[in-house]
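Engineer: Sending over a structure as structure tokens; questions will come in a sec.
The values are calculated or read from the model by the stated rules, or taken from the named source; none is laboratory data. The shown structure was predicted, so the numbers you read here are calculated from the model rather than taken from an experiment. When we count neighbours, we look across all protein chains shown, and the Cβ atoms used for this are built from the backbone with ideal geometry, even at glycine.
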Amino acid sequence: MNILFVVCGEGLGHASRSTKLANHLKKRGENCIFASYGKAYSFIQKQTDCRVYEISREVTLEGSGGYFSIGKTLKSSLGIPVSLMKSFFTARRILKQENIDVVVCDTMFAAGVSAKTLGIPVLFMTNQNYFSSLAEPNVWYWNLFGKVIRTYLSLIPKKVLVPDFAPPHTISGYNFRIAEKENDWYVFIGPILDPSIHDFAPSEEIVFASFGGEPFKMPLYAMLKEISEQDTALDVHVFATSPGLPEEGKNFKIAGYVESIFPYMASAKTAIIHGGLTSLHEALYFGKPVLLIIDPYHPEQGNNGRKVEELGCGMMIRGDTVTAESLHTAILSCMQMKPADLRGLYAENTGAENFCRILDEIRKE
């Protein structure tokens, strides 16, 4: 089958899981093509040898002082109707040119509508249809946006694919509102993980830290260095490439970009990460207690943090109120945690294989 992946370019989580899925499908003989933009466009070209088309962005996420800003995002998104039209027609051209059989939209919308008008089946991959943040848990604009998204998802795709465990263990569970009549519409296919993750045996040696490069997080890396100087029992390894990072110390190492973070994550006593779903599943696969540093205005990650705490797999702290003392205390607390054993769930829920079953059902139609 000819499968087109249309991938959101805001961050690399969407591109990461979609390329892993495509590489799996290629081994089955499927022909995969991509369309994306921004950093994800370049990332996809490095991660796969599939053809990659450039497509218009459909949203522009903006921040203020490093935190997510709904006001700036809306202001930057005033041209989105035009971008959606461009995306629609670009997708339509690719669909016809490549003779596409199935479209997988990873949090991209116009291509789904374009495929629908051509009678091409659409699968929509997402880890969210409801939006709220720690700082603004119930505000009108997120509620309205959620209703718009849920309406789209009820009309356009054949199935909505959630790369997460099924309830009650859904890490992204607080980011969904699913009506009972839509239960069959949403399929929790399970995490989509790189197969190489299985090659590394867990140990407990380092404090793994990789939680993004937004401006408000730079002082947190400095706090980590300060903590490492005070508590020499902690061997802190930072994985980040953003400018403004502190210099290395005796037990404070900066790795920057590495081909694979899995050997480092596997050797962690605890993993300090942001609340993105892909990173969370990678850390939890290795059974690591996670410490989440959350942007309190981000409309997804705080909800993931709530579920992580509920499952007993870690804890979260707000990035706008954390101090060196509270961060140190949180690290020590996390290191003492014994996370819930999720190995059975990971063994039973292989996202790529479950996706293939859905694809085979479409093939038979």
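Engineer: Name the single residue, out of those in the range 207-231 being hydroxyl-bearing (Ser, Thr, Tyr) and at pLDDT below 95, that is farthest from ALA271 (Cα to Cα). Walk me through how you get there before you give the answer.
Structural biologist: Step one: filter the range 207-231 for residues hydroxyl-bearing (Ser, Thr, Tyr), giving 210, 221, 228.
Among the residues that remain, those that are also at pLDDT below 95 are: 210, 221.
Numbers: SER210: 8, TYR221: 14 Å.
It comes out as TYR221.
Engineer: Out of (1) under 17 Å from VAL207 (Cα atoms); (2) surrounded by 19 or more Cβ atoms within 10 Å (Cβ to Cβ), the odd one out for LYS250 is which?
Structural biologist: (2)
Engineer: When you scan the range 157-185, how many residues do you find that are within 18 Å of the chain's Cα centre (by Cα) and either surrounded by fewer than 15 Cβ atoms within 10 Å (Cβ to Cβ) or not in a helix (DSSP H, G or I) (or both)?
Structural biologist: As a first pass, look at the range 157-185 and keep what is within 18 Å of the chain's Cα centre (by Cα): 160-166, 169-176.
Filter once more, so that each one left must be either surrounded by fewer than 15 Cβ atoms within 10 Å (Cβ to Cβ) or not in a helix (DSSP H, G or I) (or both): 160-166, 169-172, 176.
Number satisfying all stated conditions: 12.
Engineer: What number of residues within the range 311-353 satisfy the criterion of being of a type outside the set (Asp, Glu), assigned to a helix (DSSP H, G or I) and within 20 Å of LEU284 (Cα to Cα)? Even if it seems obvious, please write down each step before you answer.
Structural biologist: Quick first cut of the range 311-353, residues of a type outside the set (Asp, Glu) only: 311-319, 321-324, 326-340, 342-347, 349-352.
Imposing the further condition that a residue be assigned to a helix (DSSP H, G or I) reduces the set to 324, 326-336, 343-347, 351-352.
Keeping just the survivors that are within 20 Å of LEU284 (Cα to Cα) gives 330-336, 343-347, 351-352.
Qualifying residue count, the range 311-353: 14.
Engineer: So, one more: Output the residue which, of all residues in the range 65-117 that are modelled with pLDDT of 80 or more and small (Gly, Ala, Ser), is surrounded by the most Cβ atoms within 10 Å (Cβ to Cβ).
Structural biologist: ALA111
Engineer: Now a separate question. Is it true that LEU277 is without any contact (Cβ under 8 Å) to a residue 60 or more places away in the chain, outside the structural domain of ASN129 (by TED's automatic domain parsing) and under 22 Å from ASN175 (Cα atoms)?
Structural biologist: When the stated conditions are applied, LEU277 does not pass them.
Engineer: Hey, another quick one. Of the residues in the range 10-20, how many are touching a Phe, Trp or Tyr at 6+ places or on another chain (Cβ under 6 Å), crowded, with 24+ Cβ neighbours inside 10 Å and over 19 Å from LEU95 (Cα atoms)?
Structural biologist: Total satisfying the criteria: 1.
Engineer: Within the range 333-362, track down each residue that is hydrophobic (A, V, I, L, M, F, W, C) and free of Cβ contacts under 8 Å to residues at least 12 places away in the same chain. Give the steps one after another, and end with the answer.
Structural biologist: At the first step, the residues of the range 333-362 found to be hydrophobic (A, V, I, L, M, F, W, C) are 334-335, 337, 340, 342, 345, 347, 352, 355-356, 358-359, 362.
Of everything in the range 333-362, just one residue is hydrophobic (A, V, I, L, M, F, W, C) and free of Cβ contacts under 8 Å to residues at least 12 places away in the same chain, namely ALA347.
Engineer: Which residues, counting only those in the range 1-38, are touching a residue at least 40 places away in the same chain (Cβ under 8 Å) and basic (Lys, Arg)?
Structural biologist: Residues satisfying the conditions are ARG17, LYS20, ARG28.
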